[in-house]
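The values are calculated or read from the model by the stated rules, or taken from the named source; none is laboratory data. Because the structure is a prediction, the values reported are computed rather than measured. Cβ: placed from backbone, ideal geometry, glycine included. Neighbour counts: every protein chain shown. Surface areas here come from the heavy atoms of the whole protein model, side chains and all, with no ligands, DNA or RNA. Shrake-Rupley method; radii C 1.70, N 1.55, O 1.52, S 1.80 Å.
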Amino acid sequence: MATAPLVDEPPAPAAGPPPANPRKGILSYWRLYAAISPFYLLFLAFGLIPVGFSLYLSFHRWDGLGPMEYAGLSQYRYLLSDTDFWSSIGNTLVIWALATFPMIFLAMVTAVMLNSAVRFKNVYRFAYFLPNVTSVVAVAIIFGSVFSTNFGLVNALLQAVGLDQVAWLNTPWGIKVAIATLMTWQWTGYNAIIFLAGLQTIPGELYEAARMDGAGPVQTFFRITLPLMRPVLLFVLVISTVTGLQSFSEPQVLLQSTANESTFSGGPDHAGRTMVLYFFQQTFDNNDFGYGAAVAWGIFLVVVIFSIVNWRLVQRRGED
């Protein structure tokens, strides 16, 4: 009877090095982790822990000295019905709209001009960026003089053309226009530099081809420049939303001489009281740290919602 041929067994794999111990691998880089640890320690001490404590504090009543009293969701329920908080949201949104859209337009125009072949372009770039590194307090004091009712430069120009004076810092809309003008002046140069960096990434061959096809400057801008600049525009819009909705120093310093209650009141009729000013008023004027923490988280939610809305709107237009 025939037997089946024997099949050679596959050779045993050669013994390799033992598997590395992951813990030993991590510990071998302890010097590198120690080198970057100061950043994480500072972030933990001054970032993560305060944020966590503010969330914990928002569920308690506390005057900053006595014992904490657990309040649950009562402070958030009161926040939803707080007319002063909603009024501060309205003031913030109006100031943000009056400042952001003109600022983006002026920044884009400035960037296009700086991107053109002009002499001393580096000097112009420095001059446009200078307002962003200037102290906000100093700028607000100067703008307070510019918009002064009796001796302000703006009213002097209005009188020069035969118009009446405007009490800019004593009327609701005048206050909002003054704050928005200050913010526009401060951030136009910064965003122009960002737009300029985006413009310099667009290949010059596209513009040459457009000129050969007979496209004018306006058609070139709307058909080439603007579509290719959409990611940069989205970035600028989101950053402007985050910074604009957290405005504090501008109205606080600009309106401190016209404040009828405190430096956080926002001027006459609270027309310049933004969300952050309202947070400071509740926390430090009323010594209600628990409700102030709830207001801070409400501000965070408003900023996130409007940032997402702006991002979706710009992205949807880009898809269309």
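In the range 224-235, the count of residues that are surrounded by fewer than 17 Cβ atoms within 10 Å (Cβ to Cβ) and under 29 Å from Leu169 (Cα atoms) is zero.
Residues are listed down the side, and each one gets a yes or a no for (1) in a helix (DSSP H, G or I); (2) closer than 26 Å to Pro217 by Cβ:
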site: Ala127; (1), (2): yes, yes
site: Pro131; (1), (2): yes, no
site: Val137; (1), (2): yes, no
site: Ala140; (1), (2): yes, no
site: Gly144; (1), (2): yes, no
site: Thr149; (1), (2): no, no
site: Val154; (1), (2): yes, no
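Among residues that are modelled with pLDDT under 90, surrounded by 14 or more Cβ atoms within 10 Å (Cβ to Cβ), over 28 Å from Leu93 (Cβ atoms) and touching a Ser or Thr at 6+ places or on another chain (Cβ under 7 Å), Ala210 is included. Scanning the range 202-219 for residues that are under 18 Å from Ala107 (Cα atoms) and either among the charged types (D, E, K, R) or touching a helix residue (DSSP H, G or I) at 6+ places or on another chain (Cβ under 8 Å) (or both) yields a total of 1. Please determine, by comparing only the residues of the range 103-125 that are under 25 Å from the mean Cα position of the chain (by Cα) and modelled with pLDDT under 80, which one is farthest from Asn191 (Cα to Cα). Only one residue tops the list, namely Tyr124.
Each residue in the range 90-141 was checked for being open to solvent by 80 Å² or more (accessible area, probe 1.4 Å) and touching a residue at least 60 places away in the same chain (Cβ under 8 Å), and 2 pass. Put simply, of Gln256, Gln252, Gln219 the only residue that is touching a residue at least 12 places away in the same chain (Cβ under 8 Å) and either of a type in the set (S, T, N, Q) or surrounded by fewer than 14 Cβ atoms within 10 Å (Cβ to Cβ) (or both) is Gln252. Taking every residue in the range 27-52 that is on the phi < 0 side of the Ramachandran plot and pairing it with any residue that is of a type in the set (Val, Ile, Thr), at least 6 positions away or on another chain, the pairs with Cβ-Cβ distances below 9 Å are Tyr33/Ile26. Considering the range 52-86, the residues that are within 27 Å of the chain's Cα centre (by Cα) and of a type in the set (Gly, Ala, Ser) include one that is least open to solvent (accessible area, probe 1.4 Å), namely Ser58.
If you go through the range 142-169 and keep only what is closer than 20 Å to Gly267 by Cβ, open to solvent by 80 Å² or more (accessible area, probe 1.4 Å) and either touching a strand residue (DSSP E or B) at 6+ places or on another chain (Cβ under 6 Å) or among the aliphatic types (A, V, I, L, M) (or both), you end up with Ile142, Leu153.
Only helices (runs of 4 or more DSSP H) whose full extent lies in the range 12-79 are considered here, and the ones with at least 1 residues that are modelled with pLDDT under 90 and hydroxyl-bearing (Ser, Thr, Tyr) are 30-43.
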